[in-house]
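Taking it in order: structure first as structure tokens, then the write-up.
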Amino acid sequence: MLNVAVIGSGPAGLYAAEALVKQAAALTPPVPVRVDVIDRLPTPYGLVRYGVAPDHKSIKSIAQYLRKVLESPDVRFLGGVHLGEDVTRDELISAYDAVIYATGAMRDRRLGIPGEDLPGSYAATDFVNWYCGHPDVDPGAFTLDAESVAVIGVGNVAVDVARILARDPAELHATDVPQPVLDALYASKVREVHMIGRRGPAYAKFTTKELRELGELPGVQVVVHADEVDLNAFDSSGEAAALVEADRRVRGNLVAISKWAQGEAAGPAPTGHSRRLIVRFWLRPLEILGTERVGGITLERTAIDPDGKFGGTGQLETVDAQMVLRSVGYQSVPLPGVPFDSRASVVPNELGRVLGPDGSPLPGEYVAGWLKRGPTGVIGTNKSDAAETIRCLLEDLAGGPAAGDTQLPRPGLLKFPDAPAPATAEAGADEAAGVDEADRPLAAVLARRGITPVSYAEWLRIETAEAQLAQELGRGERVKLHNRAAIWSACRPENG
């Protein structure tokens, strides 16, 4: 029996658990595994639950796929267990044959400009966590009394943030957005949202589908400055034109943006538009203005010279804004005791094997997801990333497949091994698999500290409570419980 702990129950962690169960079963002979998926929160799914905007239901449906992983008899969910507080790295390494770190990237990069810490200046992740109902963020953390908001960044997170600020909150009524958040959105005074990118549209990271959604928002006028869409206006290197030629996504983005530029309007929003979304390019923030709180932001025009050097031109402009949200990239944070490359903000690794200070792989330690490669790709990218890590783990600990051996089929073609009986919500995977609690590797460590992990069955109680809340409020399929007290009360009513 191969006992493995996965730290983090987001897409990276659960794809790793899935790949481990499936790949181990496909070996000759099959290798039995038992996986504990450990998360500091009492709720699973990580970024899918707390990072995907509530109006992106198709992406949020990935949770239904991840649910099947947690319901595998070989997988157990241990919620409410915090690495570094409830259990140490050394205790994990002693308790399991292998540990896979998959905690993602939870921190925004800073702008590094004056005024960044003024009231009204926030990390976009804090705002995303707020509207997604993350228990770390108070539901009263944001009062949307700003009439103008500047969102710094032109990636998909920036698009999500801008869309939620500009969208009619009535369209979020049937989503899972927490009720206090929905109330705040209804009371919002925001009428203008500026989304600002340092480079031109050819360099923007958003995907065409997400971008087009901005133009489909009822009652929202999208404004783009025509000169900022011109590929040659601020880029003398020809690189932007080459990107358009080579990249289908960039071409799709440019088509959508060019249409908005043709309808550019500098005046107030015309009749029928209650809000304006202004998409700007070739501008970088120099200073967030204000004394007691944010009052505006100073931007500098940027350009690329014929040699391909990017920089400021010295031409300045000021945008009135009472709130600034920075969305210029994510960073992973160090895990207590685990090697960390502070420059790249990843765990140093080779194909998912964690490397020690001397550059050699550390026995039994692995990494997956953004913590492994940095914040790149989409949610689905984590599937192949996890499969790579698991192939290395099985090569190290289960005899294959090695580099020269016949490779296993790609992740999507493998199936879960046949189970004697599916786990039920109340029985849980352990009971269905005939596993005694005392036989679990970490049980004694947690018991000594008086910690009872949240089980999958208890998580299902939270799901049930959210469905009941939606029914009571007359809102969609579920409404998220918006704070820790409500979550724990639903999970363990006997303690409430």
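The values are calculated or read from the model by the stated rules, or taken from the named source; none is laboratory data. Quantities reported herein were computed from a predicted structural model and do not represent experimental measurements. Every residue, glycine as well, gets a Cβ built from its backbone with ideal geometry; the counts of neighbours run over all protein chains shown. The protein model used for the area step is the full one, side chains on, heavy atoms only, and it has no ligands, DNA or RNA in it. Shrake-Rupley method; radii C 1.70, N 1.55, O 1.52, S 1.80 Å.
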**Fill in**
Once Lys and Arg are counted +1 and Asp and Glu -1 for all other residues with Cβ under 12 Å from that of Gly364, the total becomes -2
**Message:** Below 14 angstrom from the Cβ of Pro119, what's the summed charge of the other residues (Lys, Arg +1; Asp, Glu -1)?
**Reply:** -4
**Prompt:** Per residue, how much accessible area does the stretch 198-323 show when a 1.4 Å probe rolls over the protein heavy atoms, in square angstrom?
**Reply:** 49 Å²
**Item:** When each of Lys22/Lys480; Lys309/Lys372; Lys22/Lys60; Lys60/Lys209; Lys22/Lys383 is checked by Cα-Cα distance, pairs over 20 Å
**Value:** Lys22/Lys480; Lys309/Lys372; Lys22/Lys60
**Request:** Could I have the simple spin-label model distance between Ser61 and Gln468, label points 7 Å from Cα toward Cβ, reported in nm to one decimal?
**Result:** 2.8 nm
**Request:** Divide, for the stretch 288-383, the radius of gyration over alpha carbons by 2.2 N^0.38 Å, where N is the residue count.
**Result:** 1.61
**Request:** Taking 7 Å along the Cα-to-C-beta vector as the label spot, tell me the Met1-Lys68 distance in nanometres, rounded to one decimal.
**Result:** 2.6 nm
**Request:** Project the alpha carbons of the stretch 113-183 onto their principal axes and report the range along each, largest first, in whole Å.
**Result:** 40, 24, 22
**Item:** Accessible surface ranking that places the most exposed of Thr208, Thr381 first, with a 1.4 angstrom probe
**Value:** Thr381, Thr208
**Prompt:** If we count every other residue with Cβ under 9 angstrom of Pro218's Cβ, Lys/Arg +1 and Asp/Glu -1, where does the sum land?
**Reply:** -2
**Fill in**
When all Cα-Cα pair distances of the stretch 209-340 are considered, the percent exceeding 19 Å is 64 percent
**Prompt:** Which of rounded, prolate, oblate describes the stretch 43-92, given a ≥ b ≥ c as roots of the alpha-carbon gyration tensor eigenvalues and a/c under 1.5 marking rounded, otherwise prolate only if a/b is larger than b/c?
**Reply:** oblate
**Complete:** Everything considered on the Cα gyration tensor (a ≥ b ≥ c; rounded for a/c under 1.5, else prolate if a/b is larger than b/c, else oblate), the stretch 337-402 must be described as oblate
**Asked** List the aspartates and glutamates whose alpha-carbon lies under 16 Å from that of Lys189, not counting same-chain residues fewer than 8 positions away?
**Response** Asp145, Glu147, Asp168, Asp320
**Once the Cα gyration tensor of the chain is diagonalised, semi-axes √(5λ) in Å** = 42, 27, 20
**Rough spin-label spacing in nm, given labels placed 7 Å along Cα→Cβ, for Asp341 and Ser258** = 3.9 nm
